[in-house]
Amino acid sequence: MTNIRLLLVDDEDDFRRTIAKRLTKRGICPAEAGNGEECLAILEKKPVDVVVLDVRMPGMSGVEVLHHIKKKHPKTEVILLTGHATTQDGVEGIKSGAFDYLAKPVELEHLLGKIKQAHEKSRRGEEKLREAEFRARMEQQMIATKRLASLGTLAVGVAHEINNPLAIMKESAGWLKLLLKKEELAEMPRKQDFDMALNKIEESIERTRRITHQLLGFVRKSDSALAKVDLRGLVDEIVQSVNREAANKNIEIVQKVDHSIDTIWSDPYQLRQVLINLLTNAIQATGSGGKITIILEAIGEEVFLTVHDTGKGIPKEDLEKIFEPFFSTKSPGEGTGLGLFVTRSIIEKLDGKIEVESELGRGTSFCVKLPKQHQIKEGERVS
Ligand SMILES: Nc1ncnc2c1ncn2[C@@H]1O[C@H](COP(=O)(O)OP(=O)(O)O)[C@@H](O)[C@H]1O
Ligand SMILES: [Mg+2]
């Protein structure tokens, strides 16, 4: 049996059945239809590679049926069967997209040959279509990857370039503030307005500095340095550094640490940034009296680091977006929308995974899963 899906359409029952029987003997088992409407109904239900179609039928003519097939099932090839005196129909049919036509009475070998050719064409068409689809998908992916890569390169460049003038602006604003405090300017008109404007400038400088800082952190990932990382020590150190911020909001930070965890091979600089980002988010999302729990546990060949907070939670529709660059629900003074993007980029680079679970109004958990033994890749330094 071949795998050609064939449909035989002819109103002369005897003729159709005979041909079907003989084709079956030769390994092609066709479906049958007695008129155009039946033919179209079958095509709606299942895909067919080749239709052998009688031109002269009561009801819909073969050429009409052909038009329908070509419009709705462009991958299906059609062979028309014409009477001797009506080969003109066949010529018309080819113009309308038929694969070929044969004059009745048909010779079986001839018909068989044509069916195989038509099937080959339909198969190639399908392959081409699949190939085109595949290529389009790959191109899309490549565009996205390239965009991200060039975004990274651009980001470092811009961040570096901005850092120097930013430092000068910060210095100058600070100096102006000092000047305003001098006695000689004590009677200066509208001094308060100057002060307010300077504060705004300083706030904006601080915001810009945070953005460049995050971006530089993100890009440094291509140059990660692997070392033995004492995760427990790292968690402790970072909790210390954010403790004051948390205490100001009356938030308690609790550590639950599996003491069997010794050291892992990873990038301490980048892990520090991950932890700071997750903890900062947790503190910002949590109200007074809330609690943040950091859990460190060893599971199989991985280490799980969970930052859980009792904060406001993340709406379902935002869960998809929080890892996108520049997605933030915070005021411009508070968020850059780069924290989680950078965090995920770092973790993926370190062969890890990050997962989030959140319940609105109850809290959020970010779980980072890291391999204990990071595989060293080309371009990574071990220090
Ligand atoms: N622990 C959390 N609780 C609630 N929302 C969070 C938490 N962490 C992140 N988010 C949401 O994800 C967004 C993106 O986070 P992030 O990338 O760190 O940017 P940013 O903190 O600068 O806004 C935040 O604006 C916030 O809406
Ligand atoms: Mg953040």
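Residues in segment 67-81 that are in a helix (DSSP H, G or I) and under 19 Å from residue 124 (Cα atoms): how many? Spell out how you get there, then give the answer.
Quick first cut of segment 67-81, residues in a helix (DSSP H, G or I) only: 67-72.
Narrowing further to those that are under 19 Å from residue 124 (Cα atoms): 69-72.
The number of residues fulfilling the criteria is 4.
Report the residue count in segment 294-349 for those that are in a helix (DSSP H, G or I), within 29 Å of residue 373 (Cα to Cα) and of a type outside the set (A, V, I, L, M). Outline the logic, then answer.
As a first pass, look at segment 294-349 and keep what is in a helix (DSSP H, G or I): 316-319, 339-349.
Now restrict to residues that are within 29 Å of residue 373 (Cα to Cα): 339-349.
Then keep just the ones that are of a type outside the set (A, V, I, L, M); that gives 339, 341, 343-345, 348-349.
Going through segment 294-349 one residue at a time, the tally reaches 7.
Pick out the one residue from 118, 136 that is open to solvent by 30 Å² or more (accessible area, probe 1.4 Å) and not basic (Lys, Arg). So that I can check it myself, show each step before the final result.
Details: 118 fails: open to solvent by 30 Å² or more (accessible area, probe 1.4 Å).
From the options 118, 136, the qualifying one is 136.
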Which numbered condition residue 292 fails, given (1) open to solvent by less than 10 Å² (accessible area, probe 1.4 Å); (2) away from ligand 2 (no atom under 13 Å from the Cβ); (3) out of contact with any Asp or Glu (no Cβ under 8 Å at 6 or more places or on another chain): (3)
Criterion violated by residue 343 - all others in (1) within 10 Å of ligand 2 (Cβ to nearest atom); (2) open to solvent by 20 Å² or more (accessible area, probe 1.4 Å); (3) among the hydroxyl-bearing types (Ser, Thr, Tyr) satisfied: (2)
Close pairs (6 angstrom Cβ cut-off, 6 or more residues apart or separate chains): without any contact (Cβ under 8 Å) to a residue 40 or more places away in the chain and of a type in the set (Asp, Glu) in segment 22-51, surrounded by 14 or more Cβ atoms within 10 Å (Cβ to Cβ) and in a strand (DSSP E or B) anywhere: 32/8
Segment 359-375 residues that are modelled with pLDDT under 95 and among the polar types (S, T, N, Q), paired with ones that are assigned to a strand (DSSP E or B) and open to solvent by less than 10 Å² (accessible area, probe 1.4 Å) (beta carbon under 8 Å, 6 or more apart): 373/264
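Answer yes or no as to whether residue 306 is hydroxyl-bearing (Ser, Thr, Tyr), away from ligand 2 (no atom under 13 Å from the Cβ) and open to solvent by less than 60 Å² (accessible area, probe 1.4 Å).
The answer is yes for residue 306.
If I go through segment 1-28 residue by residue, how many of them are assigned to a loop (DSSP other than H, G, I, E, B), farther than 17 Å from residue 80 by Cα and out of contact with any Ser or Thr (no Cβ under 6 Å at 6 or more places or on another chain)?
Qualifying residue count, segment 1-28: 5.
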Subset of segment 314-332 that is more than 16 Å from the chain's Cα centre (by Cα) and near ligand 1 (Cβ under 6 Å from one of its atoms) - its residue that is least open to solvent (accessible area, probe 1.4 Å): 314
Top-ranked residue of segment 6-47 - restricted to ones that are in contact with a strand residue (DSSP E or B) (Cβ under 8 Å, 6 or more places away or on another chain) and acidic (Asp, Glu), ranked as least open to solvent (accessible area, probe 1.4 Å): 10
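Could you go through segment 204-216 and let me know if any residue there is under 23 Å from residue 155 (Cβ atoms) and modelled with pLDDT of 90 or more.
Kept after step one, since they are under 23 Å from residue 155 (Cβ atoms), are these residues of segment 204-216: 204-216.
Then keep just the ones that are modelled with pLDDT of 90 or more; that gives 204-205.
Yes, segment 204-216 contains at least one residue that is under 23 Å from residue 155 (Cβ atoms) and modelled with pLDDT of 90 or more.
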Answer residue from segment 251-285, given it is touching a residue at least 40 places away in the same chain (Cβ under 8 Å) and assigned to a loop (DSSP other than H, G, I, E, B) and is surrounded by the fewest Cβ atoms within 10 Å (Cβ to Cβ) among those: 258
Any hit, segment 226-246, residues being assigned by TED's automatic domain parsing to the domain that holds residue 337, within 28 Å of the chain's Cα centre (by Cα) and either in a strand (DSSP E or B) or more than 16 Å from ligand 1 (Cβ to nearest atom) (or both): no
Positions within segment 82-107 being open to solvent by 20 Å² or more (accessible area, probe 1.4 Å) and assigned to a helix (DSSP H, G or I), in sequence order: 84, 85, 86, 87, 88, 89, 91, 92, 94, 95
Residue list for segment 313-338, restricted to those being away from ligand 2 (no atom under 14 Å from the Cβ) and modelled with pLDDT of 90 or more: 313, 315, 316, 317, 319
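The values are calculated or read from the model by the stated rules, or taken from the named source; none is laboratory data. This structure is a prediction, so every number in the text was calculated from the model and none was measured. Note that we place each Cβ from the backbone using ideal geometry, even for glycine, and neighbour counts take in every protein chain shown. SASA here: full protein model, heavy atoms, side chains in, ligands and nucleic acids out. Shrake-Rupley method; radii C 1.70, N 1.55, O 1.52, S 1.80 Å.
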